[in-house]
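One structure is given below, encoded as structure tokens.
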Amino acid sequence: MSIADFGVTHRLRFVAGFLSALALSACDDAQLNSNGGPVLRAHVHTTFPIHSAETRQVAFSPDAEAFGSSSVDGTVKICRVSDGQFLRTFLHPQGVTSISFSPDGRLLVSGSYDRIVRVWSVREGSLLQEFSGHAGTVWSVAFSPDGQTIASSGEDKTAKLWRQSDGHLLHTLPGHALNVWCVKFSPDGELLGSGSFDKTVKLWRVKTGDLLQTLTGHTEAVVHVAFSPNGRLLASGGDDSSIRLWSVPDGKLISTFIGGTDHVYSVAFSPDGRWLASGGRGQGAIATLWKQIVGPRLSARGNTVRLWRVSDRTLQQVLSEHEDDVWSVAFSPDGQWLVSGSEDKTVKLWRLETNRADIVK
């Protein structure tokens, strides 16, 4: 066999193996929710092609009447759920990595590549405050449940806590060895969770800035964290393709969600705590190579939103409608909707349904 023939044969074997893997994955999909119990299903309601570059984060307003999306194109856009009308656009000098609504829905905080944390009036569309202090990209921002504190984290390996009213820096939280990708407040506002490229999750006491726990177990970067509505659980997702569930505040590992080949970029609990949504991309060099060969549309099976039942870690549904990496997912506060944002520059609004009338109609 010539070198050229070997090259052709090798490529054919690669394609055959990849198609075989897809077939096996399809068989797995057919067995979703095989354990019985309540079933969650999502259906695309609306696709919003609203950004000129990748969508980095999505979030619902507290009244569930609108959602916001941030993008590398330097904008945050607010859309009404009922009719998809654009309500506001907030312009930034550089890409916007993260957003969070205040509990009363009057304010929105954003983080950006330009190292600045900004606070905006949702009603007026005006810039109210700018907080400077990070030495690199701000990867994540979050409002506390009482609206009085803003958390941010970034490329400088720190998380920071700011007083919202005047922008005073309350605490800088050192301890991570690499980029801090995500920060989230516990529902009671007493704890802050952070996830980092250093493969750890940390729990901090908000009032004092003290480190309480370092959670280890992920084998790659931890990209996102989320507290359950009752505050007793913390979910973390990362580049090791797993979602891990930890007890709070002791930080013990309870379970690991394994399913599919996604890097996990986002995790979110439903308002009742029964369901978990995750967003991600195809795993590793093989998925990246396949995407380069056939393009994002044909390789989109790996760029998914996944729905899980928390009680037994059962995969409910795999949603492959996005054409590129899924960076963010969020449930609406009323539990009727899911929103997802993707590198394909779109935001998708999903209608949720279950076979239990007491959960979602």
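Read the figures in this text as sums done on the coordinates, not as results from a lab. Bear in mind the structure is a predicted one, so any value in this text is a computation, not a measurement. Methodologically, a virtual Cβ is constructed for each residue, glycine included, from the backbone with ideal geometry; neighbour enumeration extends over all protein chains shown.
Things worth noting here:
- By the count of neighbouring beta-carbon atoms within 10 Å, fewest first, C79, C182 end up ordered C79, C182.
- Cα gyration tensor shape of the stretch 39-354, rounded if a/c is under 1.5, else prolate or oblate by comparing a/b with b/c: rounded
- Three-way shape label, the stretch 90-188, alpha-carbon gyration tensor, a/c 1.5: oblate
- Footprinting exposure proxy for E190, E54 (fewest neighbouring C-beta atoms within 10 Å first): E190, E54
- K252 sits among other residues whose Cβ lies under 13 Å from its own Cβ, and their net charge, with Lys and Arg +1 and Asp and Glu -1, is +1.
- Pairs exceeding 22 Å between alpha-carbon atoms, taken from K77/K160; K202/K348; K184/K345; K184/K207; K157/K199; K77/K207: K77/K160; K202/K348; K184/K345; K77/K207.
- By the beta-carbon count within 10 Å of each Cβ, the least crowded to most crowded order of I116, I254, fewest first, is I254, I116.
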